[in-house]
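The values are calculated or read from the model by the stated rules, or taken from the named source; none is laboratory data. The shown structure was predicted, so the numbers you read here are calculated from the model rather than taken from an experiment. Using ideal geometry, Cβ is built from the backbone for each residue, glycine included, and neighbour counts are taken over all protein chains shown.
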């Protein structure tokens, strides 16, 4: 029997109407990644969580979530294009700390961002980046929920309960 490779993460899906605007760009410039996962900010990566049930319980204990972030102009690093969070990311860091901190350790620093083109399955040319940059202006949004998601063998990410 072949074992399925799975990945998990805690994600902040971009709320409407920003999600539709960002996903329109993502579907045009990186349709493979767009089909795998909608516009989001990764909150906790799979290598940071040893016990997903405990994380889910901590998430329930946190209660109402309000993570306000501002995203800046697009950044390009070869075939990676993303919108970096600019200004204060304290609400993001606070939520990560409440979910991942233990008495012995604090989570590593994670810079919140929204990926527009992922180098795993997309390419970015100079003209593509110029077009993306011409359409993107800084914006602020507030995330009010966290999704626990899982991917099997490179398929579409799906919401799960742990």
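Go through the residues of region 96-110 one by one and say whether even a single one is without any contact (Cβ under 8 Å) to a residue 40 or more places away in the chain, within 17 Å of residue 12 (Cα to Cα), touching a helix residue (DSSP H, G or I) at 6+ places or on another chain (Cβ under 9 Å) and part of a loop (DSSP other than H, G, I, E, B). Scanning region 96-110, I find at least one residue that is without any contact (Cβ under 8 Å) to a residue 40 or more places away in the chain, within 17 Å of residue 12 (Cα to Cα), touching a helix residue (DSSP H, G or I) at 6+ places or on another chain (Cβ under 9 Å) and part of a loop (DSSP other than H, G, I, E, B), so the answer is yes. Exactly one residue among 78, 135 is out of contact with any strand residue (DSSP E or B) (no Cβ under 8 Å at 6 or more places or on another chain) and under 19 Å from residue 19 (Cα atoms), and that residue is 135. Here residue 145 passes the criteria (1) closer than 30 Å to residue 57 by Cβ; (2) in a loop (DSSP other than H, G, I, E, B); (3) touching a helix residue (DSSP H, G or I) at 6+ places or on another chain (Cβ under 9 Å) except the one numbered (3). Restricted to region 119-162, and to residues there that are within 13 Å of residue 74 (Cα to Cα) and surrounded by 14 or more Cβ atoms within 10 Å (Cβ to Cβ), the residue that is modelled with the lowest pLDDT is 136. Is region 70-77 home to any residue that is in contact (Cβ under 8 Å) with a residue 12 or more places away in the chain, surrounded by fewer than 16 Cβ atoms within 10 Å (Cβ to Cβ) and within 15 Å of residue 159 (Cβ to Cβ)? Looking for residues that are in contact (Cβ under 8 Å) with a residue 12 or more places away in the chain, surrounded by fewer than 16 Cβ atoms within 10 Å (Cβ to Cβ) and within 15 Å of residue 159 (Cβ to Cβ), one finds none in region 70-77, hence no.
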